[in-house]
Structure formats: structure tokens, C-alpha cells
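In what follows, a single structure is set out as C-alpha cells and then discussed.
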Amino acid sequence: MSLLSARPFAIDIDPARTALIVIDMQRDFVEPGGFGASLGNDVTLLQAIIPTVGRLIAGFRAAGVTVIHTRECHVPDLSDCPPAKRNRGNPALRIGDAGPMGRILVAGEPGADIVPELAPIVGEIVIDKPGKGAFYATELGKILADRGIRQLVFAGVTTEVCVQTSMREANDRGFECVLATDATESYFPAFKQATLEMIAAQGGIVGWLATTDEIVSALHGS
Ligand code: TIU
């Protein structure tokens with residue numbers, strides 16, 4: 001056990017029962033021509049966290065603690081993409097349409113890949129998820145149960161969409177959840193800030209907040 005300096009209060013972390021969940025650090029969200037850009041977003045904000053997410057992943061790898069990556073994507077026939085999701089809004093390109101990085105948010109296409117700087121290494125788990133939450137219609141719950149994992153550190157994009165949804169799903173399933181505040185980002189800075197505040201408010205109603213340095217220090221027992 002090591003004490004993680006966190007907000008709203010410190011938390012004991014057991015590295016043997018902890019995993020890092022890196023949410024959707026895919027080219028479709030952080031590079032021009034992908035899903036995020038097709039929705040009208042400025043993707044440069046998200047690109048800026050890649051080095052910090054890399055440092056967090058490296059800290060987990062060095063400590064021998066489980067690293068899990070997720071990708072928001074759909075099977076090529078889009079049978080796992082509800083029309084309500086595909087037809088939402090008026091994007092330049094819809095899920096499944098051909099863009100500069102292949103078909104938008106379709107598994108196996110270049111845009112659905114995790115950015116090369118954060119590529120999973122052999123032995124790390126990659127979860128393809130059709131929803132915003134990482135537990136919905138995936139094996140994640142079973143994988144965590146099989147490994148006896150009870151504490152989760154979250155990073156990735158976007159803070160208020162897939163990260164927050166996944167963290168809330170995990171909180172309801174009884175996991176203690178920590179969000180790495182400098183290893184997550186939103187297309188909307190105000191939404192990120194609001195998300196951090198709502199997670200830690202009311203005595204940590206959804207979980208804890210800590211920086212990458214605080215988390216890596218705790219994992220290494222310093
Ligand atoms: N649009 C947006 O902010 N996010 C998503 O659609 N997916 C994730 O957050 N991964």
C-alpha cells in the first residue's frame with residue numbers, strides 16, 4: 001500500500017490491485033481529419049497531453065502495474081453503432097464514412113489506432129468499445145474481476161465524454177477511481193474544469209483527482 005496525495009483527500013493505493021485505463025488516445029480524436037475534427041473541434045488541445053499520458057503509462061510499466069487501453073470504434077458493418085449515434089448532429093463526416101485516415105471510428109482503420117507515441121506494448125490489454133463508457137458491451141468488467149483489480153486510474157480523452165462516462169460506470173461497479181488531471185483533456189477547457197470539480201465535490205462523489213507526478217510517485221512508493 002502507498003499513500004497517494006489526491007483530492008479531495010489522500011487515498012491508499014495497492015499497486016497489485018490497480019490498473020491504468022487509458023481512454024481513446026486514438027488518431028480519430030487527436031489528429032486532423034478524424035472524428036473529433038469532423039465534429040468541428042480543435043484537436044490541438046488534445047495533442048498537447050500526449051507526452052504526459054506517455055509519462056503516466058511509463059510509470060505504470062516501470063512499476064509492473066496493469067495498463068489497459070481503450071478505443072472507441074465500431075465493426076465495419078456498423079451493426080454495433082446505433083443509428084441514434086451515427087445520425088447525431090451535422091458532422092462533416094459520420095461514423096463509417098471514408099476520411100483521410102480511413103473510415104471514421106471503424107476498427108482496423110488507421111484513424112481508430114492509438115497514436116503511435118502511446119501504442120500498447122505486448123501483454124497490454126486493448127478494449128474496443130462501441131459506446132462512450134468502457135464497460136458497456138465490453139469484457140472490461142470480467143477482465144478486471146479476473147485480475148482482482150479494485151482501483152482504477154483514468155487518463156485519456158475526452159474528459160467529460162468517454163473518460164467521465166467510464167469513470168462513473170466504474171464507480172457504480174465498486175471501483176475506487178482516480179483521474180489523472182494532467183493526462184486528460186477536453187475540446188472544451190471549461191468542460192474539463194467542471195468535470196474535475198464535479199468528480200471531487202461532495203467528498204469525492206465519483207472519485208479522486210491527482211497529477212501524473214503524484215500517481216507515479218505513489219506507485220513507486222515515494
Ligand atoms: N466528442 C467527444 O468529446 N468525445 C467522444 O466522442 N469520444 C470520447 O470522448 N472518446
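Every read-out reported here was derived from the displayed coordinates using simple, explicitly stated rules and does not represent laboratory data. Here the structure is a predicted model, which means the values were calculated and not measured. Here the Cβ positions follow ideal geometry from the backbone for every residue, glycine too, while neighbour counts run over all protein chains shown.
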Point to revise | Candidate set: region 95-125, residues that are on the phi > 0 side of the Ramachandran plot and in a loop (DSSP other than H, G, I, E, B); chosen: the one nearest to the chain's Cα centre (by Cα) | key: L105
Exercise for review: Test R7 against the stated conditions and say whether it is within 15 Å of the ligand (Cβ to nearest atom) and among the basic types (K, R).
Suggested key: no
Practice item. Can you tell me which residue among K192, K129 is within 10 Å of the ligand (Cβ to nearest atom), basic (K, R) and crowded, with 18+ Cβ neighbours inside 10 Å? Key: K129
Exercise for review: From (1) away from the ligand (no atom under 13 Å from the Cβ); (2) out of contact with any Leu (no Cβ under 9 Å at 6 or more places or on another chain), pick out the condition that doesn't hold for L179.
Suggested key: (2)
Point to revise | Yes/no for D213 being outside any helix (DSSP H, G or I) and either among the polar types (S, T, N, Q) or more than 16 Å from the ligand (Cβ to nearest atom) (or both) | key: no
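Kindly indicate whether A170 is more than 12 Å from the ligand (Cβ to nearest atom), touching a Cys at 6+ places or on another chain (Cβ under 9 Å) and of a type in the set (G, A, S).
It is true that A170 is more than 12 Å from the ligand (Cβ to nearest atom), touching a Cys at 6+ places or on another chain (Cβ under 9 Å) and of a type in the set (G, A, S).
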Check your understanding: Which numbered condition trips up I57, out of (1) buried (at least 22 other Cβ atoms within 10 Å of the Cβ); (2) within 11 Å of the ligand (Cβ to nearest atom)?
Key -> (2)
**Study point:** Selection count, region 136-167, where residues are within 14 Å of the ligand (Cβ to nearest atom) and either closer than 20 Å to I57 by Cα or not in a helix (DSSP H, G or I) (or both)
**Key:** 13
Point to revise | D80, sole failed condition from (1) surrounded by 16 or more Cβ atoms within 10 Å (Cβ to Cβ); (2) in a loop (DSSP other than H, G, I, E, B) | key: (1)
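A112 - would you say it is surrounded by 13 or more Cβ atoms within 10 Å (Cβ to Cβ) and within 29 Å of L179 (Cα to Cα)?
yes
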Revision key, fill the gap. Contact list, first residue from region 156-172 and at positive phi and touching a residue at least 60 places away in the same chain (Cβ under 8 Å), second anywhere and within 7 Å of the ligand (Cβ to nearest atom) and of a type outside the set (G, A, S), beta-carbon distance below 6 Å, six or more apart or interchain, is G156/I23; G156/D24; G156/V163
Practice item. Mind telling me which of the residues A119, A98 ends up being surrounded by fewer than 15 Cβ atoms within 10 Å (Cβ to Cβ) and under 22 Å from V53 (Cα atoms)? Key: A119
Point to revise | Given (1) surrounded by fewer than 18 Cβ atoms within 10 Å (Cβ to Cβ); (2) polar (S, T, N, Q); (3) more than 10 Å from the ligand (Cβ to nearest atom), index of the condition N41 fails | key: (3)
Check your understanding: For region 197-208, which residues satisfy the criterion of being surrounded by 18 or more Cβ atoms within 10 Å (Cβ to Cβ), out of contact with any Gly (no Cβ under 6 Å at 6 or more places or on another chain) and not aromatic (F, W, Y)?
Key -> A200, G204, V206, G207
Practice item. Looking only at region 64-76, decide whether some residue is surrounded by fewer than 19 Cβ atoms within 10 Å (Cβ to Cβ) and of a type in the set (S, T, Y). Key: no
Exercise for review: Within region 72-85, track down each residue that is more than 12 Å from the ligand (Cβ to nearest atom), charged (D, E, K, R) and either free of Cβ contacts under 8 Å to residues at least 24 places away in the same chain or closer than 19 Å to T158 by Cα (or both).
Suggested key: D77
